[in-house]
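Only the coordinates and a few stated rules stand behind these numbers; no lab work does. Quantities reported herein were computed from a predicted structural model and do not represent experimental measurements. So basically every Cβ, Gly included, is an ideal-geometry build from the backbone, and we count neighbours across all protein chains shown.
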Amino acid sequence: MHQGALPDLPFPDRCFDAAVANFVMNHVGHPAAALRELRRVVRPGSRIAVTIWPYPLPPLQQLWGQIFDAAGGRRPVVMHKVDPARDFPRTAEGLTTLLADVGLGGVQCDTITWVHRTDPEDWWSGPANGIGALGMLMESQPPEMIVRIRETYDKLTAAYRGDDGLLALPTAALLASAVVA
Ligand SMILES: C[S@@+](CC[C@H](N)C(=O)[O-])C[C@H]1O[C@@H](n2cnc3c(N)ncnc32)[C@H](O)[C@@H]1O
């Protein structure tokens, strides 16, 4: 296995037949530089595929924020934001433009929608165990607030709970692909 971090991958030019960045562009500080690096390592005529969460956020992605706010949770965690000069609109048009502007051709972008089905305890357990940005937020709350967040979680997720006990959470992503010239 090889490891590397965009925008500096430890690979020679044109060494791959394709590149996939599945929900990775949401995390990089310089999206255009990251895409230029993917373009560098992929052979001409090959494809790059990218997914990101869209904005406005779909219901699934909004729900945790709604739960925190309704519970009265504090948001002391300073999240790193992309420099506005390097950011792009999280829309089909914004993602298409980003790919085209780094010199990729044949850009296609679709919004894909699906329903994420999950056990309410599973969906709670990630943030409750400190995973990801939500987990950092949870860890910064006092114990009594965790109790309140859990009560609010049960209340606000009830609307999404089916007869089988699972949550059915509507969500969406932008899926773009392009060809390296
Ligand atoms: C939401 S996860 C998606 C993981 C995986 N692609 C998937 O679809 O399950 C975001 C991923 O972006 C990766 N990531 C964040 N910053 C990165 C960077 N600068 N270069 C490469 N990968 C990065 C993280 O390591 C993490 O695996």
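Given charges of +1 on the Cβ of Lys and Arg and -1 on the Cβ of Asp and Glu, with all other atoms neutral, how large is the dipole of region 78-122 about its Cα centre, in debye to the nearest 20? Let's see the in-between values first.
Values: 4 positive and 8 negative charges, 36 e Å.
Result for region 78-122 is approximately 180 debye, rounded to the nearest 20.
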### Task
Amide H neighbours of V20 under 5 Å, at least 5 residues apart or on other chains, H built in the peptide plane: list them.
A49
### Message
Output wanted: per-residue J couplings in Hz (rounded whole) for region 146-154, from phi through Karplus 6.51 cos²θ - 1.76 cosθ + 1.60, θ = phi - 60°, x for Gly and Pro.
### Response
4, 4, 5, 5, 5, 4, 5, 4, 4
### Query
At a Förster radius of 35 Å, what calculated FRET efficiency corresponds to the Cβ-Cβ distance of R36 and A70, to the nearest 0.05?
0.25
### Task
With a point put 7 Å past each Cα toward its Cβ, work out how far E151 is from D122 in nm, to one decimal.
2.9
#### Entry: Label-point separation, R90 to D164 (7 Å along Cα→Cβ), nm
2.8
### Query
Charges only on Cβ, +1 for Lys and Arg, -1 for Asp and Glu: so what's the dipole of region 16-180 about the Cα centre, in debye to the nearest 20?
520
